[in-house]
Amino acid sequence: MALDLIDQATTWLAEDPDPDTRGELRALLDAAEGGDDEARRALAERFSGTLQFGTAGLRGELGAGPMRMNRAVVIRAAAGLAAYLARRPEHAGGLVVIGYDARYKSADFARDTAAVMTGAGFRAALLPRPLPTPVLAFAIRHLGAVAGIEVTASHNPPRDNGYKVYLGDGSQIVPPADAEIAAEIAAVGGLGGVRRPDTGWETLDDGILDAYLARTDAVLTPGSPRDARVVYTPLHGVGRETLTAAFARAGFPEPTVVPEQAEPDPAFPTVAFPNPEEPGAMDLAFAAAREAAPDIVIANDPDADRCAVAVPEPGAGTRTNTGWRMLRGDEVGALLATHLVRKRVRGAFATTIVSSSLLSRVAADAGLPYDETLTGFKWLARVDGMAYAYEEALGYCVDPDGVRDKDGITAALLVAELTSELKEQGRTLTDLLDDIAVAHGLHATDQLSVRVEDLSLIAAAMRRLRERPPAELAGLKVTTAEDLTRGTKALPPTDGLRYRLAGKDTVRSARVIVRPSGTEPKLKCYLEVVVDVPGAADLPPARATAETVLAALKKDLSAAAGI
């Protein structure tokens, strides 16, 4: 084993403030020096570089070493962020608010950050306990903070944690701030030079949560129907307390909470991945729905900034028919947009390039401005005059003046209000989706998502598509093929490819976007096909056509990318 690797690990070990990771690293060192090949590989991987800070902040597997999430990495990140803020006179000495979820080490990382910020001359305030990310995003604006940090890995596997940074407007960082902060982190020397007092920061009380809950009232119409019955799961995350309090405050029936997933648990014992989009994640919620027969099922991801919705299929909710269907993020996005238009909300509607183009039709029909950004709320939050924004990955911003980020709590309230209004009319969310399809055409979306262990496979697929772009997909001619690394008039550069396809017969158009995930080891391909729907009777054949085209798009794209 190379001597410099031993030296790196030994140096790291000497200043690691966490006894857990010190013990882990000591054991690896001893095993590696004793000739254990697996330990050598593990050690080499942990010291092969440093976990990179970007627009998503930091996210990675917990463990010892610079390529893992641990207290030493977080202390350096906090010190770099403090240095970045201190170089701006408008930020120096200001308030930094810190929130955290219930994952392993989240509370430790939050306290370390508070100590570093205090030592750097900032006023630091911790949220009172593990709370949803939207509460942190709200607190930044509500308290006039210069920055905020949320310690969370959102819906990643249990072994991960992360570090998300917001600036004073309550929105996540974008270039060039990410690179500037990363440079400051790289300039941090030994941890001994980072001041970390034992006291000096504030722990906020429940007044901040009360203020957030009071703000949730703003998304609902006074006197609107509030009788939707909901089965709810927080997926072992931190959403339950806040969501049920918001529902009670608004006057909705108390949601039936899935008992096996009600309490925060960093092991996420009942799911393979704590993401409502993943197969099997909603099984317990659907089992609870078969007993409770609710109008809808709602799920938050573990930090409750996303909101998933499921609706009963014909005959569901009885003991003889158990069919529930998860709505796609694009479907919920269109439903909320239609609801907000009917509530006479004014301002720009916005979504991302990988989401459905349906929102542009809804906005145009209502005479509202429309904008399209790169993926992520860090971009959506910067749309001028934004009144509503969503992304297909279950993220919805319905109160940008309160939370300028995705918020799974207020989105759930609006979905429940819409469900209640439709219920009063003897209708359902599915009925409204049919109306939207007839009005604007059926916008059917799907995703081809490939999780890999070897990241080089993603790079190889992107290279293959760039070198040999497809001329046709699913029997539809590719009319434009854009390499988004070059940027466009409206978009900054990003690693992605966009194909627009010509229509044929009842297919009006189609679109494909391919990009590596920014937070997970996945290649993601976003597919959309738009089919004409002259009337309600034409919906079944339109859906059949859309399913056929989407399946063919998946097959042809997979072949073209070699995945």
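The values are calculated or read from the model by the stated rules, or taken from the named source; none is laboratory data. Worth saying up front: this structure is predicted, and the values here are computed from it rather than measured. Cβ placement follows ideal geometry from the backbone for every residue including glycine, while neighbour counts extend to all protein chains displayed. Keep in mind that these areas ignore ligands, DNA and RNA; they rest on the heavy atoms of the full protein, side chains included. Shrake-Rupley method; radii C 1.70, N 1.55, O 1.52, S 1.80 Å.
Is it the case, given these coordinates, that ASP217 is modelled with pLDDT under 95 and surrounded by fewer than 16 Cβ atoms within 10 Å (Cβ to Cβ)? Considered against the rule, which asks whether it is modelled with pLDDT under 95 and surrounded by fewer than 16 Cβ atoms within 10 Å (Cβ to Cβ), ASP217 comes out as yes. Among the residues examined, GLY121 does not qualify as open to solvent by 10 Å² or more (accessible area, probe 1.4 Å) and modelled with pLDDT under 95.
In the set ARG59, ARG76, which member is buried (at least 19 other Cβ atoms within 10 Å of the Cβ) and part of a helix (DSSP H, G or I)? Answer to the selection: ARG76. Quick one: how many residues across the range 371-418 are polar (S, T, N, Q) and open to solvent by less than 10 Å² (accessible area, probe 1.4 Å)? Within the range 371-418, residues that are polar (S, T, N, Q) and open to solvent by less than 10 Å² (accessible area, probe 1.4 Å) number 1.
Modelled with pLDDT of 95 or more and more than 21 Å from ARG404 (Cβ to Cβ) - does that describe any residue in the range 160-170? Yes, the conditions are met somewhere in the range 160-170. Of all residues in the range 405-419, those that are over 15 Å from VAL341 (Cα atoms) have Cβ atoms under 6 Å from Cβ atoms of residues that are of a type in the set (Ser, Thr, Tyr) and surrounded by fewer than 24 Cβ atoms within 10 Å (Cβ to Cβ), 6 or more apart or on another chain, in ILE409/THR242.
Scan the range 462-478 and give yes if some residue there is in contact with a Leu (Cβ under 6 Å, 6 or more places away or on another chain) and assigned to a helix (DSSP H, G or I), otherwise no. Within the range 462-478, one or more residues are in contact with a Leu (Cβ under 6 Å, 6 or more places away or on another chain) and assigned to a helix (DSSP H, G or I). Within the range 33-53, does at least one residue satisfy the condition of being part of a helix (DSSP H, G or I), crowded, with 16+ Cβ neighbours inside 10 Å and of a type in the set (Phe, Trp, Tyr)? Scanning the range 33-53, I find no residue that is part of a helix (DSSP H, G or I), crowded, with 16+ Cβ neighbours inside 10 Å and of a type in the set (Phe, Trp, Tyr), so the answer is no. Residues being open to solvent by less than 20 Å² (accessible area, probe 1.4 Å), in contact with a Phe, Trp or Tyr (Cβ under 8 Å, 6 or more places away or on another chain), farther than 18 Å from HIS91 by Cα and touching a residue at least 24 places away in the same chain (Cβ under 8 Å) are entirely absent from the range 168-180.
Within the range 195-209, residues that are of a type in the set (Phe, Trp, Tyr) and at pLDDT 95 or above sit with their Cβ atoms under 9 Å from residues that are outside any loop (DSSP other than H, G, I, E, B) and open to solvent by 40 Å² or more (accessible area, probe 1.4 Å), at 6+ positions apart or across chains, in these pairs: TRP201/ARG111; TRP201/ARG123. With respect to (1) of a type outside the set (D, E, K, R); (2) touching a residue at least 12 places away in the same chain (Cβ under 8 Å); (3) within 29 Å of ARG342 (Cα to Cα), the lone exception for VAL257 is condition (3).
Quick check on the range 506-559: of everything there that is assigned to a loop (DSSP other than H, G, I, E, B) and not acidic (Asp, Glu), which residue is most open to solvent (accessible area, probe 1.4 Å)?
PRO534
Considering the range 537-563 alone, what residues qualify as being of a type in the set (Gly, Ala, Ser) and modelled with pLDDT under 95?
SER558, ALA559, ALA560, ALA561, GLY562 - these are the residues of the range 537-563 that are of a type in the set (Gly, Ala, Ser) and modelled with pLDDT under 95.
The condition of being surrounded by 20 or more Cβ atoms within 10 Å (Cβ to Cβ), part of a helix (DSSP H, G or I) and over 18 Å from the mean Cα position of the chain (by Cα) holds for only one of LEU209, LEU243, that being LEU209.
Filtering ALA481, ALA490 for residues that are assigned to a strand (DSSP E or B), open to solvent by 50 Å² or more (accessible area, probe 1.4 Å) and either in contact with a Pro (Cβ under 9 Å, 6 or more places away or on another chain) or under 24 Å from VAL383 (Cβ atoms) (or both) leaves a single hit, ALA481.
Applying the condition of being closer than 18 Å to LEU380 by Cβ and assigned to a helix (DSSP H, G or I) to the range 134-167 and asking which residue is most open to solvent (accessible area, probe 1.4 Å) yields ARG141. Of all residues in the range 103-118, at least one satisfies being open to solvent by 10 Å² or more (accessible area, probe 1.4 Å), in contact (Cβ under 8 Å) with a residue 60 or more places away in the chain, outside any strand (DSSP E or B) and in contact with a Phe, Trp or Tyr (Cβ under 8 Å, 6 or more places away or on another chain).
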